[in-house]
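Worksheet for the structure shown next.
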Amino acid sequence: MSGTAWDLFAARHWERTPVVLPAPGGPHTVDADRAYTTMVEAARPFRAGTRFQALPDVRFHVEDGRIRAPGDLLPGPRDTTAERYAERLDERMAGRGRLLVVEQGLMLDPPLWARVRSLVTPLWERVGCPVLPLVAELVLGEGIVESHGSPHSPLIWVLRGSLTATPRATGPALDAGAGDLLHWPADRPHTLTFGPRTMALRLLMPRDPRLATAAVTDVVAGLVHARRGQDRVPYLTYPPDGPTPPDVPELASTAELVREVTATPPLGRLLSALWARRVSAAGLEPAPDARPPVRLSPDDRLRPASAVVRMPLDDGQTWLWAVDGHAFSLRGTLGERVLGRLRQGDTPTVRDLCAVAGPGHDEAVVALLEKLYTLRGVDVDIDMSVAGDVDVDERESGA
């Protein structure tokens, strides 16, 4: 989908009308084989039993509900392709409908995560970045119908197979095939019917304001817990003595801590930092782990990779930098000068970047560049014309 097509989608369809359009970037914009490999990796620990409050989360549905402990119904090492996995399930389940859902599996594959981020960034540039994180799901199934009426707006890239979205009230059904993008506005109940051998990437944008309340509540709870420490909740006399309700000091002290943390600047700064991280990730959270640290040499050539989101903090001298869903703080203007040099379009050496900062700052510049490398804000440029038979530097293999 070109920039003009994104303009039309944002103006005519986003949060307004259900629509099926050609997928941005063409029919193979998301590698279906790579997506399947990620699903297999996410499913590996779940084959041994159900895991709770773990991400990625893996769910297996059939027509009459969810199988809580699907075991070897999940893909394993012998299911080397999605087709082989489907054939095995055909024999095992005798044609029953099924759906495998992997929530937040993108975090396991940094290149796949980055690819999906590049897909949605043009949309956010037109409509604004979501305040809350997206729910990213890789789904694989067939012969099953899902009901939807949740307060989320879905964007669905059909990687293989077909989907049919049918409103529960009036209106036509929409058919989406491989290479299509399906959008359905929030709060419009509908069903999704999965055709044979269907794989899709589904991004769910939260729209219910109660979800924002829950997100802030989680942050406040973390601040309260940090202040309170590890004190245990006490027991009170039972049954209560006296005609009046008993004093509950633990709850009263917790309420006071809530009042304190919500009335102080740290809460606002923390929420701003979370927002900067979210913008740098285009809403795709959790982000992949940082790369292992690296030692840069003066002759290493660097090129910018993921965008850096910069936000000033309260004192005006310190900036919050966010890259790929991770954040750190930096004082002064040194970082701005280095970043400006990186954005000039060539591949400067570490020595060149140190020169931009001026004498006496080499150590700080190198530390910043190594930090940016671990967060995928810069990559080391490999000159393949002189690499010969030497193995490609491991620093570039971590994506």
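The values are calculated or read from the model by the stated rules, or taken from the named source; none is laboratory data. Every value quoted in this text rests on a predicted model; they were computed, and no experiment measured them. Reconstructed Cβ throughout: ideal geometry from the backbone, glycine too, with neighbour counts over all protein chains shown. For the accessible areas, the whole protein counts, side chains as well, though only heavy atoms, and no ligand, DNA or RNA atoms are used. Shrake-Rupley method; radii C 1.70, N 1.55, O 1.52, S 1.80 Å.
Computed values, structure above
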{"item": "Selected residue [within 23 Å of residue 12 (Cβ to Cβ) and of a type in the set (Ser, Thr, Tyr)] from 217, 237, 166", "result": "166"}
{"item": "Sole residue being within 15 Å of the chain's Cα centre (by Cα) and modelled with pLDDT of 95 or more, chosen from 112, 140, 119, 159", "result": "112"}
{"item": "Hey, residue 193 touching a Ser or Thr at 6+ places or on another chain (Cβ under 8 Å) and either part of a loop (DSSP other than H, G, I, E, B) or surrounded by 12 or more Cβ atoms within 10 Å (Cβ to Cβ) (or both) or not", "result": "yes"}
{"item": "Residue in segment 304-315 that is closer than 22 Å to residue 381 by Cα and of a type in the set (Ser, Thr, Tyr) present", "result": "yes"}
{"item": "Long-range neighbours under 9 Å by Cβ, at least six apart or interchain, first residue closer than 26 Å to residue 181 by Cβ and open to solvent by less than 20 Å² (accessible area, probe 1.4 Å) within segment 201-226, second part of a helix (DSSP H, G or I) and of a type outside the set (S, T, N, Q)", "result": "201/35; 201/106; 201/116; 201/119; 203/116; 203/119; 203/120"}
{"item": "Within segment 137-174, considering residues that are outside any strand (DSSP E or B) and under 24 Å from residue 113 (Cβ atoms), the one most open to solvent (accessible area, probe 1.4 Å)", "result": "150"}
{"item": "Hey, residue 395 more than 20 Å from residue 281 (Cβ to Cβ), modelled with pLDDT under 90, assigned to a helix (DSSP H, G or I) and open to solvent by 30 Å² or more (accessible area, probe 1.4 Å) or not", "result": "yes"}
{"item": "Selected residue (criterion: modelled with the lowest pLDDT) from residues of segment 240-258 that are in a loop (DSSP other than H, G, I, E, B) and surrounded by 12 or more Cβ atoms within 10 Å (Cβ to Cβ)", "result": "246"}
{"item": "Residue identified as of a type in the set (A, V, I, L, M) and in a strand (DSSP E or B) among 211, 182, 132", "result": "182"}
{"item": "Total residues in segment 27-52, condition of a type in the set (Phe, Trp, Tyr) and either more than 21 Å from residue 112 (Cα to Cα) or open to solvent by 20 Å² or more (accessible area, probe 1.4 Å) (or both)", "result": "2"}
{"item": "Considering residues of segment 276-293 that are open to solvent by less than 20 Å² (accessible area, probe 1.4 Å) and not aliphatic (A, V, I, L, M) only, the residue farthest from residue 367 (Cα to Cα)", "result": "283"}
{"item": "From 151, 167, residue being under 19 Å from the mean Cα position of the chain (by Cα), over 22 Å from residue 24 (Cα atoms) and at pLDDT below 95", "result": "151"}
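To keep it simple, each residue is scored yes or no on (1) of a type outside the set (Val, Ile, Thr); (2) farther than 27 Å from residue 222 by Cα; (3) open to solvent by 70 Å² or more (accessible area, probe 1.4 Å); (4) touching a helix residue (DSSP H, G or I) at 6+ places or on another chain (Cβ under 8 Å).
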{"residue": "263", "(1), (2), (3), (4)": "yes, no, yes, no"}
{"residue": "266", "(1), (2), (3), (4)": "yes, no, no, yes"}
{"residue": "295", "(1), (2), (3), (4)": "yes, yes, yes, yes"}
{"residue": "304", "(1), (2), (3), (4)": "yes, yes, no, yes"}
{"residue": "312", "(1), (2), (3), (4)": "yes, no, yes, no"}
{"residue": "325", "(1), (2), (3), (4)": "yes, no, no, yes"}
